[in-house]
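Below is one structure, written out as structure tokens; the observations come after it.
The values are calculated or read from the model by the stated rules, or taken from the named source; none is laboratory data. Worth saying up front: this structure is predicted, and the values here are computed from it rather than measured. Cβ: placed from backbone, ideal geometry, glycine included. Neighbour counts: every protein chain shown.
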Amino acid sequence: MSRARTNGRKSSPLADIVAAATLEEPRYPLDEQIEVVGETYHIKGIRRVFEEAGMPITESGVTLKSVRCILVPEPWNEHDPNAVAVMIGQNQVGYLAADLAASYTDGLQRIARLGYLATGEARVWVKSDDGIIRARVTILIPDASQFG
């Protein structure tokens with residue numbers, strides 16, 4: 001079930017999880033620089049990130065730097081029970097790659113059961129290419145061993 005956001009949009013189950021959880025301060029050092037996957041499937045969320053930041057998406061491209069990202073384990077994901085969603089605020093912007101998510105999921109699920117979600121820093125680049133939105137999300141997060 002989804003509920004209405006304050007802006008009138010419906011929230012997603014992931015947004016509801018983020019809203020209900022306590023966000024940890026990042027566990028330093030943020031040693032892992034990771035390219036998020038699946039941005040193409042989460043363009044609506046990426047658009048909302050830029051709308052909420054008051055930054056229009058241009059044909060020359062625009063970058064949002066050093067914004068907090070949230071790692072949300074998805075053990076119910078029908079494609080991969082090790083899936084880890086990457087959120088900015090209540091907006092999903094992609095996933096950790098499957099091979100990487102497998103090394104993070106146990107630790108992230110452990111802290112999620114305690115009501116916490118792990119955070120890091122994100123850099124999001126986006127441009128409008130003849131009306132097609134292209135995006136790239138890079139995150140800095142702690143090594144998986146920080147959650148073990």
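Quick notes on this structure:
- Of the strands (runs of 3 or more DSSP E) lying entirely inside the range 24-142, the ones with 2 or more residues being closer than 15 Å to LEU14 by Cα and free of Cβ contacts under 8 Å to residues at least 60 places away in the same chain are found at 62-73, 84-88, 91-95.
Table: residues versus (1) closer than 29 Å to THR58 by Cα; (2) exposed (fewer than 12 other Cβ atoms within 10 Å of the Cβ); (3) within 17 Å of the chain's Cα centre (by Cα); (4) at pLDDT 90 or above.
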residue: ARG5; (1), (2), (3), (4): yes, no, no, no
residue: SER11; (1), (2), (3), (4): yes, no, yes, no
residue: LEU14; (1), (2), (3), (4): yes, no, yes, no
residue: PRO26; (1), (2), (3), (4): no, no, yes, yes
residue: LEU30; (1), (2), (3), (4): no, no, yes, yes
residue: GLU39; (1), (2), (3), (4): yes, no, yes, yes
residue: GLY45; (1), (2), (3), (4): yes, no, yes, yes
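- Test result for VAL86, under 20 Å from ARG113 (Cα atoms) and touching a Cys at 6+ places or on another chain (Cβ under 8 Å): yes
- Residue match in the range 54-64 (condition: crowded, with 16+ Cβ neighbours inside 10 Å, acidic (Asp, Glu) and either in contact with a strand residue (DSSP E or B) (Cβ under 8 Å, 6 or more places away or on another chain) or within 20 Å of GLU25 (Cα to Cα) (or both)): no
- Screening ASN91 on (1) of a type outside the set (A, V, I, L, M, F, W, C); (2) at pLDDT below 95; (3) buried (at least 16 other Cβ atoms within 10 Å of the Cβ) shows it passes everything except condition (2).
- If you go through the range 111-142 and pick out every residue that is charged (D, E, K, R) and modelled with pLDDT of 95 or more, you end up with 5.
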